[in-house]
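Structure first, commentary second.
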Amino acid sequence: MKAKPKKRKRLRFLSVLRLLLLLIVYGASLAAALIYFAVNELNKELPQDFSELLDYRPNRKSTVLSSDGEEIGSFSVENRKIVSLDRMPPHVPAAFLSAEDRRFFNHKGFDPIGIARAAFRNFRSDGEIKQGGSTITQQIIKQTLLVGEEVIGALDATPEEYEEIRKAQKYRRKAKELILAIRLERELTKAEILTIYLNHVYLGHGAYGVGAAARTYFGKEIEDVTIAEAAMLAGLVASPTKYAPHRNMQLARERQLYVLNAMRDEKYISDAERAVALAEPIALVDGSDLNHLASPYFVEHIRKVATQRYGNRELFKGGLKFYSTLDGRMQAAAEGALKRGLESLDRKLGFRGPIGKVPEKQRAAWTNGPAHPMSGASDDTSALSDAVLPDQTYGAMVVELPRNGVGVVVDLGPTHLPLVPDDARDVRAWRSPYDPKAPRPTEVIKVGDLLPVRLTPEGKAVTLAQRPKLQGAMVVMEPTTGRVVAAVGGYDWVASQFDRATQARRQVGSSIKPWIYAAAVEAGRTPVDMMVDGPYSVTTATGVWTPANYDNRYMGNVTLMTALAFSLNTISVQLAVQVGLDRIIEIMRGFGIQSDIPRHISISLGTPDLTPLEVATGYAGIANLGRRVTPRFFDLVTDTGGNVVEDLRTAPPGPQVISPEVAYTMVGMMKGVVQRGTARWALQIGRPAAGKTGTSANYRDVWFTGFTTDLLATVWIGRDDSTPIGDKITGGGVAVPIWVDFMQKAHPRTPVRDFPVPENVTFARVEPWSGSPAYPGYDEAVWAPFVRGTLPYPHLSGYPLSSFNQLIVAPALPNPPQSGGLQLKCSTLKCL
């Protein structure tokens, strides 16, 4: 009778067990059904085949050609070079497999073991993500078929709701990624998947795939990449920006070590090969080669213009061909002149101190070791090179400081060389600036300090080559066509991609004066009109404004031609008051200047902020006899079939803004700036030239725009933060020498000729200071142009002649009348 309760308990236990088993079976079935349903639903949104992954013909890139037919840049969606797996050295795929997917050949698309290992490693690193769990197959899916899956866009949601939506999108993308990875593994071989990955992965600096990355970073084909270089490339996958060797060689080396250790652990390389790879110096190609093929500022401006006209899709995929206006010889001359000018000015402003210090324990390794080239925006000297080349900046360690206080010897690695005497003197005289917040003993140059240096032309010494804190820009164009033949937007494209030639709006200072004087000449003023240069006040809405000249000195009674030549501020203000601001602004707008121009009398001293391209364009309008010039960076655009998309050479001429005779009178007055004014240094080019210097308030910006009959160039120098350049730094002293340097090297070898004279222009030989007729034999006399009908009375009769030997021939007028009798030329008596 007592056995029955035990039996009932056993039956009850079995019933519960059966129920649990049934629940598990039904639950598993339900879960499987739900998963099946979810997979089916997701599959409807996924591609049914993987043909897109096998089609690796790159989109048709658009190219930019210089005027002599050389390719100077290209635009494409991706910088990609397809390389087959059998062309790659075995250590290249081995490096990527070791770094990204060690169990690649063992999993079927996703790797639970790899995910667990990554989770454990990340957990041990205090939550910092050290290693990802995605397989190479999953990475391919994410980078190709699921691009943009997590993009949400603008939503009317709170931050918490937005975060929840973002997480849901991420999980949904992960699920799709997993499904597609498994499907891809079924349809493609491991070799095919690995080939796609190595040709598709982004490795920084615009390089997609190992073929493009090998050329981008090391300037070599993938077949020539070493184990050390392969490990560095594989290390970039985790974060192409963070581990880029151009940005931070130390971090890149740390990541390289991680990859080399993984390659050794996976038996791809031996301990000896690992040691050799770690000791191998990494030679990077110059940073300037990473951006376009040449003339990066010029090419980048073409990209911006082309994007506005044709759209991104056509530009980056349509295979357009841009026949640019760039002249390679002039571009090289402009870049060189601007760079030399900035470095020269920076040196005049003083040596700023060493860029670093080599620890005493490492100095022996520096000596007789490789050279340390410097590139980019930083003073990093971790890059290595076997040779010391001219025109390259290197980090050099101070090794000798003679006790007599003269001379400095530096160690570049392969060789010891002295600093040139002037630089050595500045370096020995340097003292660290005093900081009241952190007072410390004044520092001097010491053995072990690092200096930036460059070889002298003969290679027997070095000069300081500290990176200028200044910036500059230059625009060069043909004044009658508007063809921009050269443009430089800064000291170094790698350090700063901001294009100061076309984007930087800076205060123009006295560069504005030609447009003010043009309005005055148009209103009836002449080059010999007398005005008083002295204290002058203007009542404005905010009070009384009393401008002053550059040096707070006044010249008294002066002619307009002298006032412009010596850039007298008070005369410019008086003219602006007389002709009115509206006409001045109208002339500037007519010449194509689009930046904001405040309607305030202060514009007479150059307060408007304009780009160098706008200033060049406005001066070109004067050089083009008053007709607007539209700047262009390319002449012709064709498609892949050679069909003309746009031909800018057939564009109609611009409108006439001021009359030709007014414009030519201004050219004559601007020639005076070069002949006897603030730009006298420009006389060195040996050709008739006209122009105007400019210096903004507190010496923040300096300018010079000058032109001949063939070429116009604008030079701007300043600091990006608009702080003063230095005391008494002017356009005539800084910008004009850069302009001369460029013109002497790049000006077309055309016959020397003066500016063509339009109709309705009269000449008189005048004394430029008083404006009176010049007597024969007066050395400082000049031929001044006048708008016909405005020649002052004293010049109608001229200075009396006592001999025909005193007759001085005036400039020839255009189209002199032809007759069978005697032809008379304009003399000092009159030229009407």
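The values are calculated or read from the model by the stated rules, or taken from the named source; none is laboratory data. Note that the structure is predicted; figures quoted are calculated from it, not measured. Neighbour counts run over all protein chains shown; Cβ positions are idealised from the backbone, glycine included. Note: areas computed on protein heavy atoms with side chains; ligands, DNA, RNA excluded. Shrake-Rupley method; radii C 1.70, N 1.55, O 1.52, S 1.80 Å.
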Discussion item. Show me the ranking of peptides 255-261, 208-214 by mean Cβ neighbours inside 10 Å, starting with the highest.
Written reply: 208-214, 255-261
Worksheet item: When you count, for each residue, the other Cβ atoms within 10 Å and take the mean per peptide, how do 423-429, 275-281 rank with the highest first?
Response: 423-429, 275-281
Practice prompt. Note down the net charge around Ile587, summing +1 for each Lys or Arg and -1 for each Asp or Glu among other residues with Cβ under 11 Å from its Cβ.
Written response: 0
Fill in: Thr638, Thr730, ranked by accessible area, largest first (probe 1.4 Å)
Thr730, Thr638
Fill in: nm² value of the averaged projected area, convex hull over the Cα atoms of the range 629-690
6.8 nm²
Fill in: Residues whose placed amide H lies under 5 Å from that of Val285, excluding near-sequence neighbours
Phe218, Gly219
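Quick one: grab the alpha carbon gyration tensor of the range 312-413, order the square roots of its eigenvalues as a ≥ b ≥ c, and give me rounded if a/c is under 1.5, else prolate or oblate depending on whether a/b is larger than b/c.
Working: a/c = 3.10, a/b = 1.93, b/c = 1.61.
Prolate shape, in that a/c is at least 1.5 and a/b is the bigger ratio.
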Fill in: Quotient of Cα Rg and 2.2 N^0.38 Å for the range 582-641, N being how many residues it contains
1.41
Worksheet item: What is the set of long-range amide H partners of Arg506 at a cut-off below 5 Å, with H atoms built 1.01 Å from backbone N?
Response: Leu610, Thr611
Practice prompt. Place the peptides 339-347, 611-619, 787-795 in order of packing, highest mean first, counting for every residue the other Cβ atoms within 10 Å and averaging per peptide.
Written response: 611-619, 339-347, 787-795
Item to complete: Within the set of other residues whose C-beta is less than 12 Å from the C-beta of Asp422, count the net charge using Lys and Arg as +1 and Asp and Glu as -1.
Response: +2
Worksheet item: Got a sec? What order do Glu661, Glu266 fall in by accessible area at 1.4 Å, biggest, i.e. largest, first?
Response: Glu266, Glu661
Worksheet item: How much accessible surface does Ser378 have with a 1.4 Å probe, in Å² rounded to 10?
Response: 50 Å²
